[in-house]
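Have a look at the structure below before the remarks.
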Amino acid sequence: MIELHFKDNFWNTEITCTGGYDAIVQHLNDGRRTCKELEDFMKARASVEEKYAKDLQIKLMWWHQIENISLSHLQLAQTIREEAKKLEDFREKQKEMRKKVEQRMDALHKQKALQYKKTMESKKTYEHKCREKEEAEQTMNRSVNTSNTKQQEKLYAKAQLAKQTAEEADRMYSNNVSIFSKSREDWLKEHIKACEVFEQQEVERINTLRNVVWTHLNQLSQQCVTSDELYEEVRRSLECCDIKEDIEHFVNLRRTGNKPPAPVPYENFYNTQRALGTASVAPQAAR
């Protein structure tokens, strides 16, 4: 199978058309936008992980393993931010490199278009002057037997001037064609270079995105493994849980007594008074 490359497949037969180049640039713009979207997603994910970690710390600080899970999510948030920063740096680096190439190509496109316009205008002038020369010569030849010497000299001078003007237009047109040819050659070389640079950038972008996503998924998988390991420690602790022992431990640690308060009896007011009266008379009788 023939390997396809940008430099072989993005040309246009129309000399002033930039459709092929524009298609590549648009594709690179789409790729840069994809990088930015992934970068923003990772930053958002890092913020979510950080908030989740902080919420765990606030609500369950007394549970040691949950605190460790919180710390692992904080570490994940930091790792994701670092990966997002690498992607941002990569995107900015490609942007700067592209900017130089695009500025060069834009200048060449303008130069090529202006020189082509100038060449076509000089061609039109050249063709017009050639027709004027032919008309002047034909007029002079037709009047050889019908005009006097003075008129003949005048027509001859006019034909000579038309010839000189046509020759000057020819030189101008030929010179513009040469200049345009040089401009076209410069553009062709730079277009090929630009295609090679852009294709290499695209290769690097695809490879970088693939690696970033792969690494990100590995990080998330590792976080699941880490969390599960910490959860397993909690499960092992729960397997050692003895409800009776926990109850006894609490009782022994915090007991306040084994006797409840005595009942509060009903006391009849009159019976209480009589009892008091009897108690006060008894000592006098004893005397």
Find the accessible area per residue for region 120-255; the probe is 1.4 Å, ligands and nucleic acids are left out, and the unit is Å². 73
Counting each pair of different Cα atoms once, what's the Kirkwood radius of region 211-273 in Å, rounded to one decimal? 18.0
Residues of region 184-198 with amide nitrogen under 20 Å from the 7 Å Cα-to-Cβ point of Glu3? 192-198
The distance between the Cα centres of region 183-219 and region 72-107, in whole Å, is 13
Just going by the charge dipole of the chain, with Lys and Arg at +1 and Asp and Glu at -1 on Cβ, which of Cys17, Leu155, Leu74 is farthest out on the positive end? Leu155
Size-normalised alpha-carbon gyration radius of region 1-138, reference 2.2 N^0.38 Å: 2.08
Starting from the Cα of Lys158, draw a straight line to each of the lysines and keep only those under 19 Å, dropping any in the same chain fewer than 8 residues away. Lys129, Lys133, Lys150
Along the Cα→Cβ direction, 7 angstrom out, place labels at Ala113 and Asn12. What is the inter-label distance in nm? 0.9
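Can you give the relative contact order of region 78-166 as a percent, counting alpha carbon pairs under 8 Å and 6+ residues apart?
Rounded, it is 28 percent for region 78-166.
Region 169-287: Rg/Rh from Cα coordinates, Kirkwood Rh?
The Rg/Rh ratio comes out at 1.90.
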Please tell me the relative contact order of the chain in percent, rounded to the nearest whole number, where contacts are Cα pairs under 8 Å and at least six residues apart. 23
Which percent of the accessible area of the chain is formed by carbon and sulfur heavy atoms (probe 1.4 angstrom)? 56
May I ask for the percentage of alpha-carbon pairs in region 125-209 that lie more than 18 Å from each other? 65
Do me a favour and compute the ellipsoid semi-axes for the chain from its Cα gyration tensor, root of five times each eigenvalue, largest one first, whole Å. 107, 25, 11
Give the total of Lys-Lys pairs in region 10-97 with Cα-Cα distances below 23 Å; include a pair only if its members are 8 or more places apart or on different chains. 18
May I ask you to derive the FRET efficiency for Arg33 and Arg235 from their Cβ-Cβ distance with R0 = 30 Å, giving the value to the nearest 0.05? 0.10
To the nearest 10 square angstrom, how much accessible area does Trp63 have with a 1.4 angstrom probe? 90
If each DSSP helix of 4+ residues adds -39,500 (n - 2.57) and the sum is divided by the residues in the chain, what number results at 222 nm, nearest 500 deg cm²/dmol? -31500 deg cm²/dmol
Once Lys and Arg get +1 and Asp and Glu get -1 on their Cβ, which of Tyr231, Phe250, Ser178 lies farthest toward the positive end of the dipole of region 166-287? Phe250
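The values are calculated or read from the model by the stated rules, or taken from the named source; none is laboratory data. All figures in this text were calculated on a predicted structure; none of them were measured in a lab. Every residue, glycine among them, receives a Cβ derived from its backbone with ideal geometry; neighbour counts consider all protein chains shown. Just the protein is used for accessible areas: all its heavy atoms, side chains included, with ligands, DNA and RNA removed. Shrake-Rupley method; radii C 1.70, N 1.55, O 1.52, S 1.80 Å.
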